[in-house]
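What follows is calculated from the coordinates using simple rules that are stated; it is not laboratory data. For clarity, every value in this text was computed on a predicted model and none was experimentally measured. Because the Cβ atoms are built from the backbone with ideal geometry, glycine has one as well, and the counts that use them run over all protein chains shown.
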Amino acid sequence: MPRRGSLYPATGCKLGASLLALELGRSGAPAEYVTGFYSAAPGEEHRWVEVDGLLLDPTRDQFHRDPFAERYEGQYERTDAKAASEMEDEATLHLRFHWSANRRAQDAIREAATRYRLDLVPIEQPLWPFEEVCP
C-alpha cells in the first residue's frame, strides 16, 4: 500500500519508468520506456526501462521482489516501447495526473519536477474542467 502523500501511487510504474528513461536518455544512454506485462501480475499492464538489453524496473518491489537483484525470476513480456527522447511529455503528463489526483503529494511533485528539469506550469494545470471549483 502506498504511503500517505506518496508520489508513487498505483500508477507508479508509469511515472517511475518515464522519469528513469528521461534521466538515462538525457545522459546519452539509448534507453527505452517499455510497456508490457510481468508474470507476477499477468492481467495488468506494467512499465519498465530497457537499455541495450538490460531491463531496469524501478517499481519492481510492488511484486515483492528485490529491485536490486541481479536476476528477475518473473517473465517480462514487451508489447511496445518509446525512445527516452519522448519521455519529457510522458513524465509531465504523469506528474500532472498525480498533481490533480493527490494533493498531499504536491510538494513531492514540485521537487520531482525541479530535479528532472520539467516545467511546472503544465503539471499544475487541472485535468478536469471543474477541478478548480471543487476542492
- Item | Proxy reagent accessibility, fewest Cβ within 10 Å first, across 48, 128 | 128, 48
- Item | Two-site label geometry, residue 39 and residue 51: point separation in nm, points 7 Å out along Cα→Cβ | 2.6 nm
- Message: Using 0.36 nm times the number of residues separating residue 110 and residue 78, minus their current alpha carbon distance, what extension gain do you get?
- Response: 8.4 nm
- Task: Using packing as a proxy for protection, rank 102-115, 19-32 so that the peptide with the highest average count of other Cβ atoms within 10 Å comes first.
- Result: 19-32, 102-115
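Taking the Cα centre of the range 12-123 as origin and charging only Cβ (+1 Lys, Arg; -1 Asp, Glu), how large is the dipole, in debye to the nearest 20?
On the way: 14 positive and 20 negative charges, 92 e Å.
Approximately 440 debye in magnitude.
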